[in-house]
Amino acid sequence: MARITESIDVDVDVTTAYDQWTQFETFPQFLSFVESIRQIDDETTAWKVEIGGVQREFTAKITEQHPDERVAWNSISGDADHAGVVTFHRLSDTSCRVTVQLDWEPTSLTENVGAVLGFDDRAVKKDLAHFKEFIESRGAETGAWRGDIS
């Protein structure tokens with residue numbers, strides 16, 4: 001199992017960053033490996049991703065979601081064994097830290113080599129920079145879901 005942990009500080013308040021992260025269908029605008037996400041219901045999303053040049057589809061279930069704190073999920077079916085958590089940490093009234101931890105099972109030779117060489121870590125770091133640019137340039141979230149899942 002490959003594990004990636006990356007953080008970035010963003011110049012928006014924690015609520016704005018969290019609210020944007022709950023808008024899963026916007027992920028392709030700032031996450032390069034995500035082709036599409038479809039929100040099925042409050043707890044279920046259908047993902048199409050490209051990892052190491054290989055397209056994968058999977059369904060994920062949100063296992064934990066607490067406003068302004070965290071969103072955690074894991075795959076429940078499909079081509080990818082994948083789990084993750086994103087946490088949000090208030091730094092000031094106008095800034096916060098977003099931390100992403102992903103656990104996934106590389107299956108192809110390309111994916112395994114990429115994981116060993118840190119390509120996936122660099123991709124997540126780059127995508128967090130895209131998230132920072134996306135949310136800071138907007139100054140506001142595109143929507144919000146403030147429900148709690150335990």
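Among the protein heavy atoms, those of LEU91 account for about 80 Å² of accessible surface (1.4 Å probe, every chain in place). In percent, rounded to a whole number, the relative contact order of the chain is 34, using alpha-carbon pairs under 8 Å and six or more apart. Between ASP81 and GLU105, the built amide H atoms are under 5 Å apart, and every one of these is 5 or more places off in sequence or on another chain. Between helix 119-138 and the chain there is an angle of about 30 degrees, using the helix long axis and the longest principal axis of the Cα atoms.
Taking a Cβ cut-off of under 14 Å around GLN23, the surrounding Lys, Arg, Asp and Glu residues balance to a net charge of -1, with basic ones at +1 and acidic ones at -1. Probing with 1.4 Å while keeping every protein chain in the model, the per residue accessible area of the chain equals 50 Å².
Rank these by accessible area, largest first, 1.4 Å probe: ARG146, ARG122.
ARG122, ARG146
Below 8 Å, C-alpha to C-alpha, sequence gap of six or more: please give me the relative contact order for the stretch 11-74 in percent. That works out to 24 percent. A simple rule links phi to the HN-Hα coupling: the Karplus curve 6.51 cos²θ - 1.76 cosθ + 1.60 with θ = phi - 60°, which for the stretch 58-65 gives 7, 10, 10, 10, 6, 9, 7, 8 Hz, with x for Gly and Pro. Ellipsoid fit via the Cα gyration tensor, the chain: semi-axes of 24, 18, 13 Å, each the root of five times an eigenvalue, largest first.
Using θ = phi - 60° in the Karplus curve 6.51 cos²θ - 1.76 cosθ + 1.60, the 3J(HN,Hα) couplings for the stretch 93-99 round to 5, 10, 8, 8, 10, 10, 10 Hz; x is entered for Gly and Pro.
Where does the charge balance sit around ARG38 when Lys and Arg score +1, Asp and Glu -1, over other residues with C-beta under 13 Å from its C-beta? Local charge sum for ARG38: -3. By the rule of a C-alpha distance below 15 Å, with chain neighbours fewer than 8 residues away ignored, the aspartates and glutamates paired with LYS126 are GLU6, ASP9.
The values are calculated or read from the model by the stated rules, or taken from the named source; none is laboratory data. Predicted model only: the values in this text are computed from it and were never measured. Cβ atoms come from the backbone with ideal geometry, glycine included; neighbour counts cover every protein chain shown. The area values use the complete protein model at the heavy-atom level, side chains included, leaving out ligands, DNA and RNA. Shrake-Rupley method; radii C 1.70, N 1.55, O 1.52, S 1.80 Å.
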